[in-house]
Amino acid sequence: MSYENFQVEVIELGSRGVTLTVANVVAHLRTPPERVQRGLDRMAREGLLDLEVDESEGFVVYRVRGLSTSAPLARRRDARSTRLARIPTMTYAQQGLLTVPRKSVTLAVVLGALVPGIGLAYAAPLRVVLAASLLVMVFGRVLGASLIFAPLFWVFAIGVSALFGGLYAVRYNQEGHRAPLLS
């Protein structure tokens, strides 16, 4: 299921009055808990969901921001509000509930330029690092003997590696983990 379809399904569940917890979304969508947790966290970071913490049971309840509810559901929520402590409307990262380490784009570009291929290991998925490193080693070895093509190859390799290092760092910061550029 794509992230866009996941968003629609979660908002639909919220509109039907389903309490949006990880367990409820897993049960309704039949999606693995890790994917549901990542999707709900991403929706919260993007400001689509608000968070409430059930203090009596210690789990997070998500609420679709901007979704109007029916009167019976609103009354049930008011009855529940004595148990729930609402977190102020801040971004997910500001609430401190998820601290995702961020990658420096500048450092990613510098590492990509200094060590073409292997420098991508800072933020890129492992298979991309392995493929890029293999390409740089093979073409560097083949073109290294040529006085004309060797400098051109290394300038190209450094530029491309630096560019992709920066792109992968940006993608890491968007997703919160190593992710392909195109998903």
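The values are calculated or read from the model by the stated rules, or taken from the named source; none is laboratory data. The model shown is predicted, which means the values in this text are computed figures rather than measured ones. Neighbour counts run over all protein chains shown; Cβ positions are idealised from the backbone, glycine included. SASA here: full protein model, heavy atoms, side chains in, ligands and nucleic acids out. Shrake-Rupley method; radii C 1.70, N 1.55, O 1.52, S 1.80 Å.
Which condition breaks for L73 when tested against (1) surrounded by fewer than 17 Cβ atoms within 10 Å (Cβ to Cβ); (2) in a loop (DSSP other than H, G, I, E, B); (3) at pLDDT below 75?
(2)
Select, from G14, G39, G58, the only residue that is farther than 24 Å from E175 by Cβ and small (G, A, S). Can you show your working first?
Values: G14 fails: farther than 24 Å from E175 by Cβ; G39 fails: farther than 24 Å from E175 by Cβ.
Answer to the check: G58.
Report every pair of residues separated by at least 6 positions or lying on different chains whose Cβ atoms are under 7 Å apart, first residue within the stretch 19-36 and at negative phi and free of Cβ contacts under 8 Å to residues at least 24 places away in the same chain, second buried (at least 16 other Cβ atoms within 10 Å of the Cβ) and of a type in the set (F, W, Y).
Sorted first by the residue in the stretch 19-36, then by its partner, the list stays empty.
Can you pull out every residue in the stretch 15-24 that is farther than 11 Å from V61 by Cα and either in a loop (DSSP other than H, G, I, E, B) or open to solvent by less than 60 Å² (accessible area, probe 1.4 Å) (or both)?
Pass one, the stretch 15-24, residues farther than 11 Å from V61 by Cα: 15-17.
Once the filter is applied, which keeps residues that are farther than 11 Å from V61 by Cα and either in a loop (DSSP other than H, G, I, E, B) or open to solvent by less than 60 Å² (accessible area, probe 1.4 Å) (or both), the stretch 15-24 yields R16, G17.
List every residue pair whose Cβ atoms lie under 9 Å apart, where the two residues are 6 or more positions apart in sequence or sit on different chains, the first residue falls within the stretch 157-173 and is surrounded by fewer than 20 Cβ atoms within 10 Å (Cβ to Cβ), and the second residue, located anywhere, is of a type in the set (K, R).
Here the result reads V170/K103; N173/R102; N173/K103, each pair linking the stretch 157-173 to a residue that is of a type in the set (K, R).
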